[in-house]
Amino acid sequence: MKSLGFLAVILAIQVSSIVSLKAASSHLKAEDLARFQKVFVEGLNSNDLQAIYYSSLNIQTTSEAEKTKICNNIVVSHAESKFNDFEKNFYLVGAYKNLQCTNLLPQQALDKIAGSLSKDTSTAQEIFFNVVASKRMNVAIPSAVSDRLSKAVQSIVSKDDSLGTLGYALCVANELGVTIPTLAGKFSEAATMADEVDGKMLQFEGGLGITALVINCGVKALKTNHKLSEVQVLKFATYFLSRRSVQSPKGVHILIESLKTLSELKSVSPISLELIGNGQLAPESLTVTVRASDLLGKPLSPSLTSVFGKITQGAKTVAEKVVFNVKSSDKTTYSADLASLKLARGAYSLELTADSYKQEISFKVLSKVKVQSLEIGVGDSDASSAIKRQTLVYPNKLGDVLKADHSQKVVIKFVLADEQTGKPITVHQAFVRFYNENGNEVVFIAEADSSKTYKFDVDVGQKAGDFNYNSGVYGIEIIVGDSQITNSFQWTIGSLDLKYGADSKTEHASKTRSKLPEIIHQFRQPDKRPPRLVSDVFTALCFAPLVLLFAFWGKLGISLSKSQFTLSAIGFHIGFGSILALFALFWLQLNMFQTIRLLIPIAVFTFLSGNRLLRRIAGQKS
């Protein structure tokens, strides 16, 4: 019984891991394929041998005259190509076969291809190009040659562990149909060491070219022994889909080939589950539509058996097991009608489950807004009298013109409600706009209180500057907008006749246009100098060391009679005196940089003279 229980746990873990497979969130769309077609057309008509080869793999020309022109261009491009001989011969023969050209190929290139398999090569890339070119020329590859090439590739891989070498070695194994020891382990190790980007993508160093080379040839050569997990396949597929903006024929070809290779891994191949549309559901059409396809956008084979979703809003579960039905005309489209759920306005999450795949999708339910009530009135700014309010029903307009002067204020109060539920709501944008026939306008923000009632009042006198003190008739407009409503609107509710006194406008003009007082720059007042006695004491202290120097010299019996009048002695004393004089100049007028520039040569001269003088004195004593 214990063993059966353990087995049940293992099976439960396996089943849960299968159910939790995450689907890709995108695939190659029709606009991607249309752009790829343009890339191939341009490549086919170019002078780039590589571009012609990869373009000819994907499109065919129907015009005989155009095909003849391209076939002749292949030979010219081959002669001018800067590729290695084995590589340009590969492109030459490949394009020739793809286009079914009838003109003669250069004999020198054909001779090199014929003898390419018998010579020793140092790279897996060269072996691959030679093998494929020979097969395109219908050159038979004996088993002995195949064994020799397999051993050569194995030897190369053992010496060179780069991803490029591994990729081409896997390509050679696939072309020869042989099993090369150690390649499966190296491929699995490389896939484990791939670079992860944002936790969503896997790629190899070197970008699209190296990643496509290793994955394509690895999966094809190892077949069911590739050992790629579902998560790895999904992350590699996500990386390839992120590179669909590639512009070169080679890049487009290897991108399509890689996605096709991953889509054919039936046991671990990811599918694409994607929301159709912008994810905004209008209240009259609450239908969620998703597309389920392979990575190339083609219908799944076999088709999905069940597609359902769980709808949540935050931590709250709104609906379980919402069934999605497939459209008979399009086997990739599944839809579910959510009208019966009566979803309120807001953002929702859909956890979509398609057989063993899951995908998280977000969508919004929009609503229509209505004006539940609106009141407008004019009253005194100091609230000395009651405000006479008028009620309006959308989309009507006041029949008479409101009048207000600088001592009054305009008050507007309105409530917005959800048209479906009738409950008051708030919106992202609610403005009150005043405008006149001269094109002048003033816009104010309307704020909602705790009861979701928008209240707005403008003091005509205080806001006179916003109106530039211009009297006249202004239209009043309510502007309402929100990303979650479908009927944002502008509602002209009436007109307002503003009256500003002539004196206030003249006073405002005089303040704004009169000459401003001159600004006079004032320097900082200098600090107060210390008393004369302090300065004299400081000066005496500065001269004290010099007085002490002469005193000590007298006590030691130093006199000029004992001095040596040699060149070194005279030079030393002149240099020392110059240094003292330089310090005095530094005190009086020089700055630090000027002093250092003069001190360096004087110090060097003094040092050399003093050194010579000391050596002379030491020699006399000895």
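Cβ contacts < 9 Å: first residue under 12 Å from I570 (Cα atoms) and in contact (Cβ under 8 Å) with a residue 12 or more places away in the chain, restricted to segment 605-619; second residue open to solvent by 50 Å² or more (accessible area, probe 1.4 Å) and outside any helix (DSSP H, G or I), any location; separation 6+ or different chain. Result?
Every condition considered, the pairs that remain are L613/Q564.
Give me a count of the residues in segment 82-106 that are within 29 Å of R148 (Cβ to Cβ) and either at pLDDT below 85 or not in a helix (DSSP H, G or I) (or both).
Result for segment 82-106: 4.
Does segment 54-67 hold any residues that are of a type in the set (G, A, S), surrounded by 13 or more Cβ atoms within 10 Å (Cβ to Cβ) and out of contact with any Pro (no Cβ under 7 Å at 6 or more places or on another chain), and which are they?
The one that is of a type in the set (G, A, S), surrounded by 13 or more Cβ atoms within 10 Å (Cβ to Cβ) and out of contact with any Pro (no Cβ under 7 Å at 6 or more places or on another chain): S56.
Of the residues that make up segment 245-254, is at least one over 15 Å from Y168 (Cβ atoms), in contact with an Asp or Glu (Cβ under 6 Å, 6 or more places away or on another chain), outside any helix (DSSP H, G or I) and modelled with pLDDT of 90 or more?
The answer is no, given that none of the residues of segment 245-254 is over 15 Å from Y168 (Cβ atoms), in contact with an Asp or Glu (Cβ under 6 Å, 6 or more places away or on another chain), outside any helix (DSSP H, G or I) and modelled with pLDDT of 90 or more.
Can you tell me which residue among V39, V9 is farther than 22 Å from I113 by Cβ, modelled with pLDDT of 90 or more and open to solvent by less than 90 Å² (accessible area, probe 1.4 Å)?
V39
Looking only at segment 575-598, which residues are part of a helix (DSSP H, G or I) and under 60 Å from the mean Cα position of the chain (by Cα)?
Within segment 575-598, F586, M592, F593, Q594, T595, I596, R597, L598 qualify.
Looking at the structure I just gave you, is V365 of a type outside the set (G, A, S) and in contact with a helix residue (DSSP H, G or I) (Cβ under 7 Å, 6 or more places away or on another chain)?
Considered against the rule, which asks whether it is of a type outside the set (G, A, S) and in contact with a helix residue (DSSP H, G or I) (Cβ under 7 Å, 6 or more places away or on another chain), V365 comes out as no.
Kindly provide the set of residues from segment 149-197 that are open to solvent by 40 Å² or more (accessible area, probe 1.4 Å) and closer than 23 Å to G115 by Cα, ordered by number.
Residues satisfying the conditions are K151, Q154, S155, Y168, N174, E175, G177.
Can you tell me which residue within segment 448-473, out of those that are in contact with a Lys or Arg (Cβ under 7 Å, 6 or more places away or on another chain) and open to solvent by 90 Å² or more (accessible area, probe 1.4 Å), is farthest from G422 (Cα to Cα)?
If we take residues in segment 448-473 being in contact with a Lys or Arg (Cβ under 7 Å, 6 or more places away or on another chain) and open to solvent by 90 Å² or more (accessible area, probe 1.4 Å), then D457 is farthest from G422 (Cα to Cα).
Okay, residues lined up against (1) open to solvent by less than 60 Å² (accessible area, probe 1.4 Å); (2) over 21 Å from E257 (Cβ atoms); (3) among the β-branched types (V, I, T):
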residue: I52; (1), (2), (3): yes, no, yes
residue: K69; (1), (2), (3): no, yes, no
residue: P106; (1), (2), (3): yes, yes, no
residue: S116; (1), (2), (3): yes, yes, no
residue: T123; (1), (2), (3): yes, yes, yes
residue: S134; (1), (2), (3): yes, yes, no
residue: N138; (1), (2), (3): no, yes, no
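Do you know which residues across segment 261-316 are closer than 27 Å to C171 by Cα, touching an Asp or Glu at 6+ places or on another chain (Cβ under 9 Å), open to solvent by less than 30 Å² (accessible area, probe 1.4 Å) and among the polar types (S, T, N, Q)?
Residues satisfying the conditions are S263, S269.
Hey, can you tell me all the residues within segment 133-167 that are under 42 Å from the mean Cα position of the chain (by Cα) and more than 19 Å from A191 (Cβ to Cβ)?
Of everything in segment 133-167, those that are under 42 Å from the mean Cα position of the chain (by Cα) and more than 19 Å from A191 (Cβ to Cβ) turn out to be A133, V153, Q154, I156, S158, K159.
Yes or no: A344 assigned to a loop (DSSP other than H, G, I, E, B) and under 20 Å from G279 (Cβ atoms)?
Judged against the criteria, A344 is a match.
Can you pull out the residues in segment 198-244 that are farther than 22 Å from A23 by Cβ, open to solvent by 20 Å² or more (accessible area, probe 1.4 Å) and not in a helix (DSSP H, G or I)?
E205, G206
The values are calculated or read from the model by the stated rules, or taken from the named source; none is laboratory data. Because the structure is a prediction, the values reported are computed rather than measured. Ideal geometry is used to build each Cβ from the backbone, glycine not excepted, and the neighbour counts take in all protein chains shown. Keep in mind that these areas ignore ligands, DNA and RNA; they rest on the heavy atoms of the full protein, side chains included. Shrake-Rupley method; radii C 1.70, N 1.55, O 1.52, S 1.80 Å.
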